[in-house]
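Engineer: One structure coming up, written as structure tokens, with questions to follow.
The values are calculated or read from the model by the stated rules, or taken from the named source; none is laboratory data. Note that the structure is predicted; figures quoted are calculated from it, not measured. Virtual Cβ from ideal backbone geometry, glycine too; neighbours counted across all protein chains shown. We work out accessible area using only protein heavy atoms, side chains counted, and drop any ligands, DNA or RNA first. Shrake-Rupley method; radii C 1.70, N 1.55, O 1.52, S 1.80 Å.
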Amino acid sequence: MHASVQAAVSSKTVDYQDNGQVFEGLLVTPEGPAQKRPLILMVHNWMGVTAETEKQAARFAELGYVVFAADVYGKGIRPQDAKQAGAQATIYKSDRALFRQRLNLALQTALQQPGVDGEKVAVVGYCFGGTGALELARSGAELQAIISFHGGLDSPHPADGQNITGRVLALHGADDPYVSAADLAAFQDEMQSNNVSYDLVQYPGAVHSFTDMGAGNDNSKGAAYNAAADQQSFAEAKKLLGNTFK
């Protein structure tokens, strides 16, 4: 897995624990002189921490951020197919309190890593992890930026939007079949009714997983890579982070 990371960054796994359960996060840092840098907590898609997670973490580390990829599922729990991934993801989407607990545990671990500026923190998530990014924010975690790439936007408790402290950026495939029009409307209502600063950017012709080259290019499957949406969404995320952490 480590061979996929470019020379400008370095990566290592970081074990952390909670009530006897071990989790295996991934720390990806820019190489260069030691200095305090903004932290990005990254939340994986439904497959867990994979080479795809490391690739996305490296993209942000190359911009000068310390990136810590959370392990929501636990060490050794790595789905091998969509059925296993769906089963794991459902555990947390059905129990948002547990989801938030795992995410806050990862955030506390991330904040303890060397070179992290604890006053400058963002969360970035993909698919399942996009939901996670929003749930971490809804839990009241101190975050300056919250970015969801093709994430689920639904919330069983919309009033929790009042706990969001940072700016939200939801990057969404306009043709994503997994996010209903009702969920999209409810998300916007949640943001507006709780006075959250947010942007919802929709990419025409893009479906679920549009940043993941491994998703193929067949939109009819509901999940597919879209180069234009990938590039444009990363540029939007980069701009928000740059403006937030000037």
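Engineer: Per the Cauchy relation, a quarter of the hull surface: what is the mean projected area of the convex hull of the alpha carbons in the range 80-159, in nm²?
Structural biologist: Taking a quarter of the hull surface, the average projection is 5.9 nm².
Engineer: Could you please put THR131, THR13, THR29 in sequence from largest to smallest accessible area, using a 1.4 Å probe?
Structural biologist: THR13, THR29, THR131
Engineer: How big, in percent, is the set of alpha carbon pairs in the range 96-219 lying more than 25 Å apart?
Structural biologist: 24 percent
Engineer: Heavy atoms only, probe 1.4 angstrom, no DNA, RNA or ligands counted: give me HIS208, HIS44 ranked by accessible area, highest first.
Structural biologist: Sorted descending by solvent-accessible area, the residues read HIS208, HIS44.
Engineer: Which value, in debye to the nearest 20, gives the size of the charge dipole of the range 59-114 about its Cα centre, when Lys and Arg are +1 and Asp and Glu are -1 at the Cβ?
Structural biologist: So the magnitude is around 160 debye.
Engineer: Which value in Å does the Kirkwood hydrodynamic radius of the chain take, with 1/r averaged over all unlike C-alpha pairs and then inverted?
Structural biologist: It works out to 17.7 Å.
Engineer: Compute and list, largest first, the equivalent-ellipsoid semi-axes of the range 56-116 from the alpha carbon gyration tensor, each √(5λ) rounded to a whole angstrom.
Structural biologist: 25, 16, 9
Engineer: Quick one: Debye curve from the alpha-carbon atoms of the range 182-246 only, equal weights, vacuum; give me log10 I(q)/I(0) at q = 0.25 Å⁻¹ to two decimals.
Structural biologist: Taken in order of the listed q values, log10 I(q)/I(0) reads -1.02.
Engineer: Express in % the proportion of alpha carbon pairs of the range 31-72 at distances exceeding 17 Å.
Structural biologist: 30 percent
Engineer: Among the listed pairs LYS55/LYS75; LYS83/LYS221; LYS12/LYS238; LYS93/LYS238; LYS120/LYS238; LYS55/LYS83, which have their C-alpha atoms separated by more than 21 angstrom in this model?
Structural biologist: As for pairs spanning more than 21 Å Cα to Cα, those are LYS12/LYS238; LYS93/LYS238; LYS55/LYS83.
Engineer: Moving on. May I ask you to give the solvent-accessible area per residue for the chain, in square angstrom, as obtained with a 1.4 angstrom probe?
Structural biologist: 43 Å²
Engineer: Still on this structure: For a bin width of 10 Å, list the pair-distance distribution of the range 1-126 built from all Cα-Cα distances, rounded to whole %.
Structural biologist: So the P(r) values, bin by bin, are 14, 47, 32, 8, 0.
Engineer: Please identify every one of the GluC sites (Glu not before Pro) in the range 97-144 that sits in a loop by DSSP and has no more than 13 other beta carbons within 10 Å of its own beta carbon.
Structural biologist: For GluC sites (Glu not before Pro) across the range 97-144 that sit outside H, G, I, E and B with at most 13 neighbouring Cβ atoms in 10 Å, the list reads GLU142.
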